[in-house]
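Working notes for the structure below.
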Amino acid sequence: MNRFKDELLSKNGKVAIELAKVFMSMEEGDRILTVEQLSEKHKIGRGTVQSALKKIQSMGALKLESRGHLGTYITYINYEKLWEIADIGIITGVMPLPYSNRYEGLATGLYKVFDEINIFFNLAYMRGAVNRMNALENNLYSFAIVSKIAANERMKESGKIEIIGEFTNKTYSGEHVILLNKSYKSIENGLRIAVDSSSVDQVILTQYEFKDKNVHIVDIPYNQIPNQMEQGNIDATIWKLDELQITHTKFQIAKLRNEKAKDLIKNYTSAVIVGRKENYDFNKVLGKLINMEKIEEIQQKVINKEIIPTF
């Protein structure tokens, strides 16, 4: 469990675990329920509640101050300690496959930050924001990393997720361009456009960019698109500029034309951490514990090749 395992296995310790989960959603200055109210709510004796409160305070997770008839208030709270006492277990997040320096940097930053706060953490990797958010809603992961575009769309559709934390612009993706086969010099009617339907960003940008043309949309997994273009099965696609490989030089590269598409790229290229709305307390604490600035700093160092990615 943690270094307080022996103490927490006792009856008072088990109550401390439950109370720690309650306090994790609170802040300094908040008034807590009375001992009697906590006793009734958790169906335990008042003496057990008092012992559990003393244990949590002795472990350095909380400081309480009695203000007479006004009640008891939190004067100090340590979320890392509360998390440790609450014994929540391993946190598992899911993010895009780390096939670019940008994603390698995010993964490296997440691991380093969680390691600093001594929280057991694992990352899974999954293609497509739709797939990641489906898995999150099905309770397979604690949180997911997606683009702000994808998160906003999902929140409109289902209302089951919420943004826990938002990074700054260009942390999820940089500039997007149109890749064209060499046989085409410009956007024309009749083009076969590759789109990965699980990639919300690519779907929306394609809808805007080609809405004035009579084109054929072909659903292909993102990582297979360049190969399909090389074989002549696809004529064009929307692609992330920082994911262009040496082999892509055989393609024409054109800038986005549609103003709405360009506006999306300008304002919604940030990565966000999303969680299930029903886990509000967990999300709130996780948002406080994760040092977003530190993760971005590490991500930038990976992009600049100042540090080696480790994840």
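Rounded to the nearest 10 degrees, the inclination of helix 280-289 to the longest alpha-carbon principal axis of the chain is 80 degrees.
The Cα atoms of the chain define a convex hull whose projected area, averaged across directions, is 18.8 nm².
Averaging sequence separations of C-alpha pairs under 8 Å and six or more residues apart, then dividing by the length of the chain, give the relative contact order as a whole percent.
So the answer I get is 23 percent.
Bridging of Lys213 to lysines at a Cα separation below 25 Å is possible for Lys182, Lys185, Lys240, Lys250, Lys255, Lys260, Lys262, Lys266, once same-chain residues fewer than 8 apart are set aside. Taking other Cβ atoms within 10 Å as a rough exposure proxy, Ser198, Ser183, Ser100, Ser58 sort from fewest to most as Ser183, Ser58, Ser100, Ser198. Work out the charge dipole of the chain with +1 on the Cβ of Lys and Arg and -1 on the Cβ of Asp and Glu about the Cα centre, then indicate which of Tyr268, Leu244, Tyr99 is farthest towards its positive end. Value: Tyr268. How tilted is helix 148-157 with respect to the longest principal axis of the chain? Cα atoms for both, answer in degrees (0 to 90, nearest 10). It works out to around 70 degrees. When the dipole is taken about the Cα centre of the chain, and only Lys, Arg (+1) and Asp, Glu (-1) are charged at their Cβ, what size is it in debye, to the nearest 20? Here the chain has a charge dipole of around 220 debye. Can you tell me the 0 to 90 degree angle between the C-alpha axis of helix 46-58 and the longest principal axis of the chain, rounded to 10? In the chain, helix 46-58 runs at an angle near 60 degrees to the longest axis.
Only loop residues by DSSP count here, and only those with at most 16 other Cβ atoms within 10 Å; note down the trypsin sites (Lys or Arg not before Pro) in the stretch 207-304 that meet that.
Answer in residue order: Lys211, Lys213, Arg257.
Cross-link reach is defined here as a Cα-Cα straight distance under 18 Å, omitting same-chain residues fewer than 8 places apart; for Lys284 the aspartates and glutamates meeting it are Glu18, Glu27, Glu28, Asp30, Glu80, Glu84, Asp87, Glu137, Glu162, Glu166, Glu293. By the Cα gyration tensor, the stretch 5-86 has an equivalent ellipsoid whose semi-axes, rounded to whole angstrom, run 18, 16, 10 from largest to smallest.
Counting every other Cβ atom within 10 Å of each residue's Cβ, His216, His42 order from fewest to most as His216, His42. Taking a straight Cα-Cα cut-off under 17 Å and skipping sequence neighbours fewer than 8 places away in the same chain, the lysines within cross-link reach of Lys43 are Lys11, Lys14, Lys21. Qualifying trypsin sites (Lys or Arg not before Pro) in the stretch 6-107, where qualification requires a DSSP coil assignment and no more than 11 other C-beta atoms within 10 Å, comprise Lys43, Arg67.
Any idea what % of Cα-Cα pairs in the stretch 176-267 are farther than 20 Å? Every Cα pair in the stretch 176-267 considered, those over 20 Å come to 26 percent.
Read-outs throughout are calculated quantities, based only on the coordinates presented, and are distinct from any laboratory measurement. Small disclaimer: the values here were computed from a predicted structure and weren't measured. Neighbour counts run over all protein chains shown; Cβ positions are idealised from the backbone, glycine included.
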